[in-house]
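This report refers to the structure that appears directly beneath it.
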Amino acid sequence: VQLQASGGGLVQAGDSLRISCVASGRASGYAKGWFRQAPGKERDLVAAIDWSGGRTHYADSVKGRFTISRDNAKNTIYLQMNNLKPDDTGVYFCASLTVYSGTYYDPGLYQYWGQGTLVTVSS
């Protein structure tokens, strides 16, 4: 297993949740992204972070509510999600981007993927 996501669950609107992703082997290091896939929809970028943690990027829908971070000593990235909304419901996937080519948005550019963790936000 290269990327292992965890921490999802069922919460109410307005709650907070932190999900984690532990990387191993070839998926370690590199820039990372969190993607969300709602039922019947495409997998969309939620947040991304470069290898050092010095640069982050967020989808407009989560700016000001979500924070991506990483602890390279633990090979782990986190997504702190505050003020959750029902539209945040979906399976959250972490992924490794081994070569940055100017965008974090295209899931096809990511080389390694975790199995996903389900976040359900009830209204």
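Mean 1/r over all different Cα pairs, inverted: what Kirkwood radius does the chain give, in Å?
14.1
Computed from point charges on the beta carbon alone (+1 for Lys and Arg, -1 for Asp and Glu), the dipole magnitude for the range 26-96 about its Cα centre is near 160 Debye.
For the range 13-64, trypsin sites (Lys or Arg not before Pro) meeting the loop criterion (DSSP other than H, G, I, E, B) and having at most 13 other Cβ atoms within 10 Å: K41, R55, K63.
Bridging of K41 to aspartates and glutamates at a Cα separation below 14 Å is possible for D87, D88, once same-chain residues fewer than 8 apart are set aside.
Annotation note: chymotrypsin sites (Phe, Trp or Tyr not before Pro) in the range 1-56 located in DSSP loop regions with a Cβ neighbour count of at most 11 within 10 Å are absent. What you get for the chain, charging only the Cβ of Lys and Arg (+1) and of Asp and Glu (-1), is a dipole of about 220 debye around the Cα centre.
Per residue, the convex hull spanned by the Cα atoms of the range 27-77 amounts to 89 cubic angstrom.
Considering only A38, A73, I19, and ranking their Cα positions along the charge dipole of the range 1-98 that arises from unit charges at the beta-carbon of Lys, Arg, Asp and Glu, the one farthest toward the positive end is A73.
Taken together, the values in this text are just the output of simple stated rules run on the coordinates, not laboratory data. This structure is a prediction, so every number in the text was calculated from the model and none was measured. Don't worry about glycine lacking a Cβ; one is built from the backbone with ideal geometry, like all the others, and counts go over all protein chains shown.
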